[in-house]
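What follows is one structure encoded as structure tokens, with my remarks underneath.
The values are calculated or read from the model by the stated rules, or taken from the named source; none is laboratory data. Treat the numbers as computed from the prediction; the structure is a model and nothing was measured. So basically every Cβ, Gly included, is an ideal-geometry build from the backbone, and we count neighbours across all protein chains shown.
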Amino acid sequence: MKKVITYGSYDLFHFGHQRLLERAKALGDYLIVGVTSDDYDRVRGKINIAQPLAERIAAVKATGLADMIIVEEYDGQKIDDIKKYNVDIFTVGSDWRGKFDYLNKYCKVTYLERTQGVSSSEIRAEKRATNLGLIGDSYNYFQKIIKENNSVNGLNIIGIYSEKPSSANTDIGIKKYKSYDSILKEVDAVYIKTSYDKRYDYIKKALENNKNVLCESPICLDKTQCQELFDLAKTKGLVLMEAIRTAYTTAYKRLALLAEIGKVGDIVSIESTCTNMKRNDPSKYASLFEWGPNALLPIFQILGTNYKERTIISHIENTAPPLGDTFTKINFIYDKAVASIFVAEGAKSEGELIISGTKGYIYVPAPWWKTEYFELRYENPSNNRRYFYQLDGEGIRYELVEFLQAIADQKDVPRIDHDITLTICKTMQEFQQNKGVILI
């Protein structure tokens, strides 16, 4: 019996996939099909996969061509599989020509011509085609978004609107619009990164014009206004998503799940630190506004938003609203746990995240908000576990992909629960109103 093996994601299964499997099957008597796992696709940089693993396996199974279906989960697995299943022929599409020649040492390698004019990437791009406008003055950050967008199928960044006058150093290679109204006429969605006090107005106008919104956090400085925006988005059938890019990275999602399922026992304490020595203009920015949403995210996601007590301790440089704090510490007391954040734009500390439990703790080294690596640590060091998940860019591309997926599905199912967003807004609001704030 001649055994053949092939691999692929098989996302949005199409005629090209069918033809490739048919030709692979014709090479031998027994066809093994490896379907890549979600995590392995991310490691390989394929972040646009639209379907979960189970659906992609089902699509391959439905062809009736595969005698065996396996899941590909790690680099080097092809060699292991060829040896394990006594494979005679390895085959993939011709767009990989030369990439797997090293497998000739273990079996025959055959590259099959792909069906022209059809690909999953093209289907995803067509299905998700969305024109995006950038709103705000953060040109350096928007350059990162434009760069990261090269890895996202279906999102077209068509221009930018900024209230600041145009200059040579604000040229980021896309069209500049002279008014918010003019850019809203040509987009399906907007990415908003304006000054904090203007975000509510920009979001509201975008939603009223039937545009989906991805906005930096905090999306506004008033909990009631935040709820109003969510209600408006729901009424209009639009997506309003909070852009805390940490929430969309693989490593962070995994560590949050491990905490939730009790891998370190019952959570009794969370310490979250985010600092930067850069001194922003205290008349415009505050440490809590800059870093607070990131630092608060794991606390509210893991312990919830129903804390019993909260104290804010802050060093204020500018007392006129909006407050400009050099550093701020917030302590939370829950029924059976405590938590704290330390954020600073004018002081430095180790930017780590520590989640303590009754059985052990999760340690995330600095800068934890961009982590690729974390550890589960226990009393007996031999039980410690280390986890590594590749982070491409700064997590921006993952955020953009989830935004596109939410728009395509026409469902606002946020990675960050609305209750968390509302509580973040409430925290910023109480800080501005000096509620429970100790000034030092």
| remark: Restricting attention to segment 107-134, the residues that are more than 30 Å from Ile160 (Cα to Cα), at pLDDT below 60 and crowded, with 16+ Cβ neighbours inside 10 Å number exactly 1
| Out of curiosity, is Ile341 assigned to a strand (DSSP E or B) and in contact with a Ser or Thr (Cβ under 9 Å, 6 or more places away or on another chain)? | yes
| remark: Counting only residues that are under 17 Å from Leu296 (Cα atoms) and touching a Lys or Arg at 6+ places or on another chain (Cβ under 9 Å), segment 352-382 contains a total of 4
| remark: Inside segment 311-344, the number of residues satisfying the requirement of being modelled with pLDDT under 85 and of a type in the set (Phe, Trp, Tyr) is 0
| query | Is it true that some residue in segment 369-387 is under 17 Å from Ala295 (Cα atoms), in contact with a Leu (Cβ under 7 Å, 6 or more places away or on another chain) and not in a loop (DSSP other than H, G, I, E, B)? | reply | yes
| If you take the residues of segment 244-276 that are of a type outside the set (A, V, I, L, M, F, W, C) and assigned to a strand (DSSP E or B), which of them is surrounded by the fewest Cβ atoms within 10 Å (Cβ to Cβ)? | Ser269
| note | Those helices (runs of 4 or more DSSP H) completely within segment 162-240 that have 2 or more residues that are among the hydrophobic types (A, V, I, L, M, F, W, C) and closer than 17 Å to Leu134 by Cβ are 180-184, 199-208
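Consider Tyr30 carefully, then state whether it is under 25 Å from Tyr398 (Cα atoms) and not hydrophobic (A, V, I, L, M, F, W, C).
no
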| Any pair with Cβ under 7 angstrom, 6 or more apart, that starts in segment 212-227 at a residue that is assigned by TED's automatic domain parsing to the domain that holds Ala189 and ends at one that is β-branched (Val, Ile, Thr) and assigned to a strand (DSSP E or B) | Val213/Val190; Val213/Ile192; Cys215/Ile192; Glu216/Ile192
